[in-house]
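For reference, the structure discussed in these notes is given below.
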Amino acid sequence: MRSLTCIVLLASVVFVMLVSGCAGPTRWSRIDPGRLDAPELPREMRGVWVATVANIDWPTEPGLTAGEQQAEADAILDQAKRLGLNSIILQVRPHADAMYADAREPWSSYLSGTQGEDPGYDPLAYWLEGARDRGLELHAWINPFRAGHPAESSELAPSHISVTDSEIVVEYGEYLWLDPSHPRARAHSLAVVEDLLGRYDLDGLHLDDYFYPYPIDDTPFPDADRYAAYAEQGGTLDLAGWRRSHIDGFVRDLSAVVRRTRPDALFGISPFGIWRPGHPEGIVGFDAYERLAADARLWLRAGWLDYASPQLYWKRDSEGQPFEPLLRWWQGENSRDRAVWPGIYLTRVQADGTGWTPEEILGQLDVLAERDAGGWLLFSMLGISQDRQGVAERMGEALGGEPAIVPSSWGASAPGSTRLRAEVVRDGNSVVARWNSRGPTPRLWAVQARTGDGWTLRIVPGDESSARFEASSPLAEPDAIVLTPIAPNRRALPSVAWIRP
């Protein structure tokens, strides 16, 4: 009995010492990260499109105050972060207008209700700061040739391209379109992008599937006179090939602008999900190569893109457009080892139970994981904001609350050196890792913590300098921490690590 009493007393003393923080030194010991069993940092593109055209996703209606617009933006960013997404693809140029301060093109009417009217703040700057604060990437999504939309209720501003250079703008159905065959039209969009990337520290530039417009019945696109002039001068390409030559040249030139202006930014395009019917065998449907002048296979094969996000907007068991065979085909065309991060049609899930079920979306994400796709983009934020049929909650559960870092691009330059001063200390019932750096500021900090046999990961914004781990008792606190700076080009810099004595 006396022995048992002594054991109980000794255990009580040890517990009190642990709780009071007296069981060891306050400062943790540095250790070579290679001696720890920290898992490899998870890498996956988890993006979502935020459409501004026709107020689809944001802002929810024109004419909201700046504060109301900002509150909606914050809600989107918070939800994206909470679900484990890591990239926002924000539409900043719906149709030759701007969701940012731009001297070349007028303010979008989707902000104030009137094209050209200053909303009183810079929305893109606000989104960018909000994304940075949450450790998210922000990619600018533009439409290169669309210049007018039937959802536009405002009169065109005097600075709109259709007013300042009407010769390069044509009407097609209810739309206005910059004529891609006109050199000034292509040059205008290239100049817009160069200015945009030069003034905003964006993580990427994104284009969707609109190059030449989708055909309207049998109405021809109004470029017959320009094509006839080309043929009279000895041109030998047919009409579709002539149109493709303009788009191919534009994509090549745009790639060069991105590389030159912001080398760490990713350049991606989300083409129609079928390159041509019959590719792969058995695929039927719209011919984007012929009808949109979009040779997306060439852009991928030529290495002009950092990633392609073909819009695989069909079910896994779709007849004529099955999801997985299309995915395999696109992956098979990736001869330059870029990235193929497919677009997933989230808003096919309807709130009233019609359309797709959440199981279809989750099943497609499973297929992507099995095929090592390395990422995906969701269209659009509306399905998440409305949590249709619980799809947002289900996706969050599927991602397990574990964040992921966007993969570094094939062309990412060697990251600049960063000198770290860092330590881990006890602070009451918490363990705090804190650091400061000299040299280029990392975009993110990856903080891995081991408790027992398990590891967790936190993504900390680049301008923060600490991470706190609360513990109900020292026995539940981490026993090892690894800190890894992530450069703006997404490459990992050398890690530092600590172990609890």
Check your understanding: Given the structure, is Glu61 at pLDDT 95 or above, closer than 30 Å to Leu493 by Cβ and assigned to a loop (DSSP other than H, G, I, E, B)?
Key -> no
**Study point:** Which listed residue, of Gly353, Gly363, is at pLDDT below 95 and open to solvent by less than 50 Å² (accessible area, probe 1.4 Å)
**Key:** Gly353
Check your understanding: Just a yes or no: is a residue in the range 277-288 open to solvent by less than 10 Å² (accessible area, probe 1.4 Å) and touching a residue at least 60 places away in the same chain (Cβ under 8 Å)?
Key -> yes
Check your understanding: Identify, please: which residue in the range 96-128 is in a helix (DSSP H, G or I) and open to solvent by 10 Å² or more (accessible area, probe 1.4 Å) and is, among those, farthest from Asp74 (Cα to Cα)?
Key -> Ser112
Check your understanding: Going by the structure shown, is Arg316 closer than 22 Å to Gly374 by Cβ, open to solvent by 40 Å² or more (accessible area, probe 1.4 Å), touching a helix residue (DSSP H, G or I) at 6+ places or on another chain (Cβ under 6 Å) and not polar (S, T, N, Q)?
Key -> yes
Check your understanding: Considering Ser335, Ser380, Ser309, which residue is surrounded by fewer than 14 Cβ atoms within 10 Å (Cβ to Cβ) and in contact with a Leu (Cβ under 9 Å, 6 or more places away or on another chain)?
Key -> Ser335
Review point. What number goes with the only condition from (1) more than 16 Å from the chain's Cα centre (by Cα); (2) touching a residue at least 60 places away in the same chain (Cβ under 8 Å) that Gln364 does not pass?
Key: (2)
Check your understanding: In the list Ala38, Ala80, Ala73, which residue meets the criterion of being in contact with a Lys or Arg (Cβ under 9 Å, 6 or more places away or on another chain), crowded, with 19+ Cβ neighbours inside 10 Å, among the aliphatic types (A, V, I, L, M) and within 21 Å of Gly204 (Cα to Cα)?
Key -> Ala80
Check your understanding: In the range 439-459, what residues are of a type in the set (A, V, I, L, M, F, W, C) and either over 16 Å from Arg426 (Cβ atoms) or open to solvent by 50 Å² or more (accessible area, probe 1.4 Å) (or both)?
Key -> Leu444, Trp445, Ala446, Val447, Trp455, Leu457, Ile459
Revision key, fill the gap. Checked Asp165, Asp122 against criteria (among the charged types (D, E, K, R) and under 27 Å from the mean Cα position of the chain (by Cα)); the one match is Asp122
**Study point:** Looking only at the range 234-274, and only at residues there that are without any contact (Cβ under 8 Å) to a residue 40 or more places away in the chain, part of a loop (DSSP other than H, G, I, E, B) and not aliphatic (A, V, I, L, M), the one that is most open to solvent (accessible area, probe 1.4 Å)
**Key:** Thr236
Review point. Between residues in the range 158-184 that are open to solvent by 80 Å² or more (accessible area, probe 1.4 Å) and residues that are not charged (D, E, K, R), which pairs lie under 7 Å by C-beta distance while being six or more apart or on different chains?
Key: Val163/Leu156; Glu174/Pro150; Arg184/Ile168
Study note, to complete from the structure: By residue number, the members of the range 200-233 that are outside any helix (DSSP H, G or I), touching a residue at least 12 places away in the same chain (Cβ under 8 Å) and open to solvent by 40 Å² or more (accessible area, probe 1.4 Å) are Asp201, Tyr210, Tyr214, Pro215, Ile216, Thr219, Pro222
Review point. Has the range 460-468 got any residue that is touching an Asp or Glu at 6+ places or on another chain (Cβ under 7 Å), modelled with pLDDT of 95 or more and surrounded by fewer than 18 Cβ atoms within 10 Å (Cβ to Cβ)?
Key: yes
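The values are calculated or read from the model by the stated rules, or taken from the named source; none is laboratory data. Bear in mind the structure is a predicted one, so any value in this text is a computation, not a measurement. Don't worry about glycine lacking a Cβ; one is built from the backbone with ideal geometry, like all the others, and counts go over all protein chains shown. In case anyone asks, the SASA skips ligands and DNA or RNA and just uses the protein heavy atoms, side chains included. Shrake-Rupley method; radii C 1.70, N 1.55, O 1.52, S 1.80 Å.
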